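Notes follow once the structure below has been shown.
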Amino acid sequence: MAQVAAEAPVPKRQQIRPFNVVARFAPVLFLVVLMIGFSILEPRFLTPLNLFNVLRQVSIYGLLAIGMTFVILTAGIDLSIGSILALAGLVAAVVAKGGLDNRFSVGDGSAATGFGWEVAALAAIGVGVAAGFVQGLAITRFKVPPFVVTLGGMSAFRGAALLFSGGGPVSGFDEAFVWWGQGKLGPVPVPVLIFVLFAIIAHITLSYTRYGRQIYAVGGNPEAARLAGLNVQKIILSVYVITGFFAGLGAFVLAARLNSAEAVAGTGFELTVIASVVIGGTSLFGGTGTIFGTVIGTVLIGVLLNGLVLLDVSAYVQQIIIGMIIVLAVAFDTFVKSRRRIL
Amino acid sequence: MRQPLLQMNGITKSFGGISALRAVDLRVGAGEVHALLGENGAGKSTLLKILSGAQSPDAGEINLLGAKATFNSPQDAQRSGIATIYQELTLVPGMSIAENIFLGREPGRASFVDWGRLVDEAQGLMSKVGLEKNPRILARDLSVAEQQLVEIARALSMRSKLIIMDEPTAALSNAEVDRLFDIVSGFRDEGLSVIFVTHRLEEVMRVCDRFTILRDGAFVCEGDVADTSIDAIIRHMVGREITAMQRRPAPAATERVVLRVENLSRRRGAEGLNAMALHDVCFEVRRGEILGIAGLVGSGRTETARAVFGADPFDSGNIFIDGVSLRPTSPQDAIRRGIGLVPEDRKQQALFLSQSIRANLTVAAQDRVSRLGVFIDSGAEDTLISEYRKLLRIRMLGPEQIVSDLSGGNQQKIVLARWLALGPKVLIVDEPTRGIDVGAKAEVHNLLFQMASTGIAIVVISSELPEVLAISDRIITMREGRVTGEVQADDANPEMLMALMTVDAVAA
């Protein structure tokens, strides 16, 4: 048998082909082309100030997109992040203001009665994690599809936020709180640093830990993962906790940036965030995708929107363009997969 | 050869510069059952895709009844009388048998379906293929074999002259295979031709008239089945001499029982959808022994394996590993106690097809390749992979290669390696060589021998009697959820096993 093994040819199928290379780096190429295009059309685009602006704008979407990547890798979806963000942001704001009674007192930056930003941030994240955990339980214990659970969550958490706030915004925090959204370290806005930091942590988690491998396994083939001894339900539950965590963190940063929280915050975020993840090459069917892709996808959407604004394209047209790009990204992904299958 | 129905000449096809077919010929006579043979990757699928209109050739021509034919789509081929029944059946689960047969061609006037005629005509076709069911039953309520009959009925409804069947027997029990072959023989009498793809060469000898063999994308030979032998076919397929199936050399089984199963029982339909009932299943496996479980599809052999492994629940009974009781509620429980399971459907149940060899191989043995219990130690992982690559002779480019690019045999080796890396006490292998070509089959068998000789207790479940006979030390037979017999492999022969698998044990 040894001879048979030695004689048999090594499979010839995997070779470096230009098509595959292009397909793999398509989001990066698209981003580069877009940036070159905008910088030719509009000189204001390629300035450090504008670019940091873009990054600051996308960093909250980016945080949410990191969490969403975990969920989509397991072939799930989380539509509730925008609503969780609103509720978590309000809770953080109320904590910072020192209670419900003070919530409408427009602060002058010295709201001495409230808790510090640390407590507010923990409260926001706590709300997010709890919301994610409840949804994860519904998905894993009661076998309700993620789409349905988080669609319900999208409505329920928004309602909770409206109920909690009584409708109005909660604004005016102390300087230390606001620094997390508006501050800078050197030339770099703080939200951008938070985004980059968590992107790195998420990348390490997905690529270099057992937990990361397990997420890919569960997304790639849940039955095979179960028969390989993985606790599939626990892993699925965990990714909704992760999206909840990032919704809470995003809520804190957004409240800090706007120096205000309100119940309608984050409306429609799920669309932009899912778009970023998908454009970054993560498959909605689970099992393939990277944080790097998600970061590129997030920046790409940010650059696109910023460029369109600079070119005076109306906000309505922007929405149409974003919608088309989502569909095209998935169409491209499907095309690449079908090519690969034939080859 | 009778009057030629189909002639494919010099068919050539390449994908992105890699040639898949080089000047391949295929000739099929009218009323002929023609076997298309070759190892996986020999080019059979590509040739059939061209014939069924799913792909077009770069060069070469197709002649149908003496006239040149060009198929630009599967519809073209169907209109010309070529129907294809794929291995993965393509019925719409939520539609009735009758609707599936006439899908897209429902009888009626204008846009309205004539339900009476639909059901009547379906009934006629169903009786032709021996499917005795109400045509209004939904496809999802049929067994795989019955669904296949519906597909054949659909092919007949299109007045096909040539029916292509891609591994039609892979998921069938022996009785179902017999029924299928009766139908195919009936086609021959009516002048209908069949192209038959299979890995089971005994079936070729049984039902086919002529054969064509491909190897590495090239035509090797064609001939009459009556003038050849299985050994000769295998020689042409692999291009080298190997014996049909190697017997296990000098079994080294000891007396120490590793796995004992006592009175394992489960009611029908408990928890699972269609899971077979199990009645007082008892068996034991010793260290270094290979126990074969022979049984038809639906005899409860896979269900037994899954229950022992904790993949499905059971109602009563006891499982002991090294004399200590095990009551698994999940595969994790069983794995922790040293049991591994190579499931019957590699692609659906074992592999992460779109992912790397690395991710697939170490998924169960992460403890062995992790640092601080959290991080993956890719160095340790590389060492592990290259160790098993050598040990199992896995033909691969590197740890990052995507598993779906490997041949079936090498995929199966990845799954075996996954369990070996855990150092199991018991390895249950369900259909070890399904969909694997002949050369790789012998290799997988040898690997099982090697594993047994290192002291692993191995349970092999197989639909192929020659395989069970060749690789087992001891064989138990199952039928309808019961163990019906136990024999030493040396004392067994196919006839007696088949009798134990098919005849009511209580009456016998």
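Here are a few things to note about the model shown:
- At an R0 of 51 angstrom, the distance between the Cβ atoms of B:Glu190 and A:Phe133 translates into a FRET efficiency of 0.20.
- Relative protection proxy for B:255-267, B:371-383, from highest mean packing down: B:255-267, B:371-383 (other beta-carbon atoms within 10 angstrom).
- Under a 5 Å amide H cut-off, with hydrogens placed 1.01 Å from N, B:Thr84 pairs with B:Ile164 among residues at least 5 apart or on other chains.
- Cut-off 18 Å, label 7 Å out along Cα→Cβ of B:Glu262, residues of segment B:321-363 by amide N: B:321-328
- Based on every Cα atom in chain B, Rg and the maximum pairwise Cα distance Dmax equal 24.2, 74 Å.
- For the protein assembly as shown, the Cβ-based charge dipole about the Cα centre amounts to some 1440 debye (Lys, Arg positive; Asp, Glu negative; other atoms uncharged).
- Whole-angstrom gap from segment B:270-349 to segment B:90-127, using each part's C-alpha centre: 41 Å
- For segment B:75-92, Karplus couplings with θ = phi - 60° (6.51, -1.76, 1.60), whole Hz, Gly/Pro x: 5, 4, 5, 4, 4, 7, x, 10, 10, 10, 10, 7, 4, 7, 5, 10, 6, 8
- The modelled label-to-label distance for the pair B:Gln75/B:Glu61, using points 7 Å beyond Cα in the direction of Cβ, is 2.7 nm.
- For B:345-356, mean number of other protein chain Cβ atoms within 10 Å: 5
- Projected label points at B:Asp178 and B:Arg136, each 7 Å from Cα along the beta carbon direction, are separated by 3.3 nanometres.
- 27 Å tail of the calculated P(r), segment B:4-238, as % of Cα pairs: 35 percent
- Positive dipole terminus of chain B, leading residue within B:Ala305, B:Tyr388, B:Pro168 (C-beta point charges): B:Tyr388
- FRET E, pair A:Ile36, A:Leu271, Förster distance 35 Å, beta-carbon r, rounded to 0.05: 0.85
- Inverse mean reciprocal Cα-Cα distance (Kirkwood Rh) of the protein assembly as shown, Å: 30.4 Å
- The amide H of B:Leu5, built 1.01 Å from its N in the peptide plane, has B:Val28, B:Gly29, B:Ala30 as neighbours under 5 Å, considering only residues 5 or more places off or on other chains.
- Largest to smallest principal axis extent of the C-alpha atoms in chain A, angstrom: 82, 54, 35
- Taking 19 Å as the straight-line reach from the Cα of A:Lys97, the aspartates and glutamates in range (excluding those fewer than 8 positions away in the same chain) are A:Asp108, A:Glu118, A:Asp174, A:Glu175, A:Glu262.
- For chain B, calculated [θ]222 nm from helices alone, where every DSSP H run of n ≥ 4 adds -39500 (n - 2.57): -9000 deg cm²/dmol
- Relative contact order (%) - criterion: Cα under 8 Å, at least six apart; region: segment B:271-429: 23 percent
- Range in chain A, longest, excluding exposed chymotrypsin sites (Phe, Trp or Tyr not before Pro) [loop by DSSP; at most 15 other beta-carbon atoms within 10 Å]: A:143-284
- Vicinal HN-Hα couplings computed from phi for segment A:212-227 (Karplus, 6.51 cos²θ - 1.76 cosθ + 1.60; Hz; Gly/Pro x): x, 4, 5, 5, 4, 5, 4, x, x, 6, x, 5, 4, 5, 5, 6
- Value of [θ]222 nm, deg cm²/dmol, for chain A, DSSP H segments ≥ 4, -39500 (n - 2.57) each, nearest 500: -24000 deg cm²/dmol
- Legend: calculated FRET efficiency, A:Tyr211 to A:Arg24, from the Cβ-Cβ distance at R0 = 30 Å, rounded to 0.05, equals 0.75.
- In this structure, the residue pairs whose Cα-Cα separation is over 31 Å, taken from A:Lys234/B:Lys413; B:Lys49/B:Lys413; B:Lys133/B:Lys413, are B:Lys133/B:Lys413.
- Between A:Val196 and A:Phe147, the simple spin-label model (points 7 angstrom out along Cα→Cβ) gives 3.9 nm.
- Relative contact order (%) - criterion: Cα under 8 Å, at least six apart; region: chain A: 31 percent
- For A:Ala75, distant residues with modelled amide H under 5 Å away: A:Gly286, A:Gly287
- What the phi angles of segment A:319-334 give under the Karplus curve with 6.51, -1.76 and 1.60, with θ = phi - 60°, is a coupling list of 4, 4, 5, 4, x, 5, 5, 4, 5, 4, 4, 5, 4, 4, 4, 5 Hz, glycine and proline written as x.
- Value of relative contact order over chain B, rounded to a whole percent, pairs C-alpha under 8 Å and six or more apart: 14 percent
None of the figures in this text is laboratory data; all of them are computed from the coordinates on show. Keep in mind that what you see is a predicted model, and the values were worked out from it rather than measured. Note: ideal-geometry Cβ built from the backbone for every residue, glycine included; neighbour counts use all protein chains shown.
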